Amino acid sequence: MGIDLLKHGGQEVRVAYDASAYGRSIADIYDATVTELPTGAAVERLAALADGGPVLEFGIGTGRLALPLIARGLSVAGIDASTEMTRELRAKPGGAAVPVTVGDFSTMRVEGAYRLVVLAVNTIFALPTQEAQVNCFANAARHLREGGRFVVEAWVPDPAAFRNGSALRVLSLAEDAVLIEAAGLAPATQHMRTTRVRLTAEGVRLLPADHRYAWPCELDLMARLAGMALEHRWADWLGTPFTDDSRAHVSVYRRNA
């Protein structure tokens, strides 16, 4: 846990950042909230980029990507701040054998040199400051072999979607579950506070999460500072070209020789 300076109402406020907080709030239902993610396409793309592995996943979570990659014959290890998410991974077939280090992936160093480091599903924005995100890129580079790749999946900031600093949207709608997200924006510091509301027959779950968002070009600069260069950028895992209208991106950075 660290202390970070954020701004609220024009005033700087000291906020305790707990990297494990998100996992504690969502671990038991995480898999149910990500059923609409393009997992199959992501695994296909990552397996190709790994070029035989090994792979290190920052924020490995419940193993949504790691376990299918292992099933393809790749060696996968992970770092995750949440013991609760790691427990869910361990309970799955094959999950107990996955090497996972519990800690903050922006600074935690593990043994080995990897062909691919993965940071998926906007998790880069869970880091609360630009400094922490810069550290994350540097940490990814430290784990890569020469010529290895760091893959970041993230959404493209869209401040125009907010009215008077807030927004409400439906993320998923099914007969047995509805997922809604309420968000508040602080453009001056590039922070967004969100609470997802999951409605099911069992009741209501509130899933809070804070984000320090960044534009793709800012992430590119972080990569350059870490000795990496942009190799590919797509709008999705299928390799759709990235354009002005893209609302998300999959960016591949390669460690320089």
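A few remarks follow.
- Those helices (runs of 4 or more DSSP H) lying entirely in the stretch 4-81 with at least 2 residues modelled with pLDDT under 95: 21-26, 30-33
- Put simply, of VAL204, VAL197 the only residue that is surrounded by 15 or more Cβ atoms within 10 Å (Cβ to Cβ) and of a type in the set (Val, Ile, Thr) is VAL197.
- Boolean, VAL152 is assigned to a strand (DSSP E or B) and loosely packed, with under 15 Cβ neighbours inside 10 Å: no
- Test: residue in the stretch 178-191 that is closer than 23 Å to ALA41 by Cα and small (Gly, Ala, Ser): no
- Exactly one residue out of ALA81, ALA126, ALA41 is within 17 Å of ALA21 (Cβ to Cβ) and out of contact with any Ser or Thr (no Cβ under 9 Å at 6 or more places or on another chain): that is ALA126.
- Hits in the stretch 223-257 - residues which are charged (D, E, K, R), touching a residue at least 24 places away in the same chain (Cβ under 8 Å) and surrounded by 14 or more Cβ atoms within 10 Å (Cβ to Cβ): GLU231, ASP236, ARG254, ARG255
- The residue that is surrounded by the fewest Cβ atoms within 10 Å (Cβ to Cβ), among those in the stretch 99-134 that are acidic (Asp, Glu) and over 23 Å from LEU207 (Cα atoms), is GLU111.
- Checking each residue in the stretch 207-243 for being over 25 Å from ARG169 (Cα atoms) and in a strand (DSSP E or B) picks out MET228, ALA229, LEU230, GLU231, HIS232, ARG233, PRO241.
- Test for VAL110: is it aliphatic (A, V, I, L, M), part of a loop (DSSP other than H, G, I, E, B) and touching a residue at least 40 places away in the same chain (Cβ under 8 Å): yes
- Filtered residues of the stretch 156-172 (kept if surrounded by 13 or more Cβ atoms within 10 Å (Cβ to Cβ) and either at pLDDT below 90 or within 10 Å of MET192 (Cβ to Cβ) (or both)): PRO157, PHE162, ALA167, LEU171, SER172
The values are calculated or read from the model by the stated rules, or taken from the named source; none is laboratory data. All values derive from a computational prediction rather than experimental measurement. Cβ sites come from the backbone with ideal geometry, for glycine too, and all protein chains shown count toward neighbours.
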